[in-house]
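Peer 1: There's a structure below that I have some questions on.
The values are calculated or read from the model by the stated rules, or taken from the named source; none is laboratory data. Every value quoted in this text rests on a predicted model; they were computed, and no experiment measured them. Reconstructed Cβ throughout: ideal geometry from the backbone, glycine too, with neighbour counts over all protein chains shown. Please note that ligands, DNA and RNA were not included when accessible areas were found on the heavy atoms of the full protein model with its side chains. Shrake-Rupley method; radii C 1.70, N 1.55, O 1.52, S 1.80 Å.
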Amino acid sequence: MKNIYLIILSFICFYSHSQYEVSEGEQRWQVIGSKEDGTVFLKLQGSNLYKFTFKNYHYSNNKIIQSIYFNSTNTDITNLNNFLLNSFDLTESVSTSLKIDKYEFQVSKSDDYLKVNIISNESKESIGWMPFTKKDINNLFGKY
């Protein structure tokens, strides 16, 4: 009977160690920033894979959460941050855009917020849009 317990204990120890090793090697998403209301997140995995998760205001009746992934450099992300902040200087009738990886970020100004529309470069269709204030942009890019 002791031998059976010893064998079972050995298997438990062996398999729990292998599961521990697998979880240690995986890279996890690092949150760069988010809007205070939790409707938009920007995350980084590794050195250049970004995940942009947002509540899609294109569907006003539903709470649809969209995610896009793009390979980018820190310079591209800094350019996106500067592009969004500089867009507050636009006149209300002008819209502008910036392309990053497979997506285009189109911005139009409306009173005290920006409407950011994300368009796929491949299909030329809108994926969704969300509103931003200056404070939201600073929080999203980790510049509290």
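Peer 1: Within region 35-54, does at least one residue satisfy the condition of being loosely packed, with under 12 Cβ neighbours inside 10 Å, among the aliphatic types (A, V, I, L, M) and either over 20 Å from Lys143 (Cα atoms) or modelled with pLDDT of 90 or more (or both)?
Peer 2: No: zero hits.
Peer 1: Same structure, new question: So Ser123 ticks every box in (1) open to solvent by 40 Å² or more (accessible area, probe 1.4 Å); (2) of a type outside the set (D, E, K, R); (3) under 19 Å from Thr78 (Cα atoms) but one. Which box is left unticked?
Peer 2: Of everything listed in (1) open to solvent by 40 Å² or more (accessible area, probe 1.4 Å); (2) of a type outside the set (D, E, K, R); (3) under 19 Å from Thr78 (Cα atoms), Ser123 misses just condition (3).
Peer 1: Here's something else I'd like to know. Name every residue in region 60-115 that is of a type in the set (A, V, I, L, M, F, W, C), assigned to a strand (DSSP E or B) and open to solvent by less than 70 Å² (accessible area, probe 1.4 Å), in order of residue number.
Peer 2: Passing the criteria: Ile68, Phe70, Leu98, Ile100, Phe105, Val107, Leu114.
Peer 1: Across region 89-108, what is the total count of residues that are modelled with pLDDT of 90 or more and not polar (S, T, N, Q)?
Peer 2: Result for region 89-108: 9.
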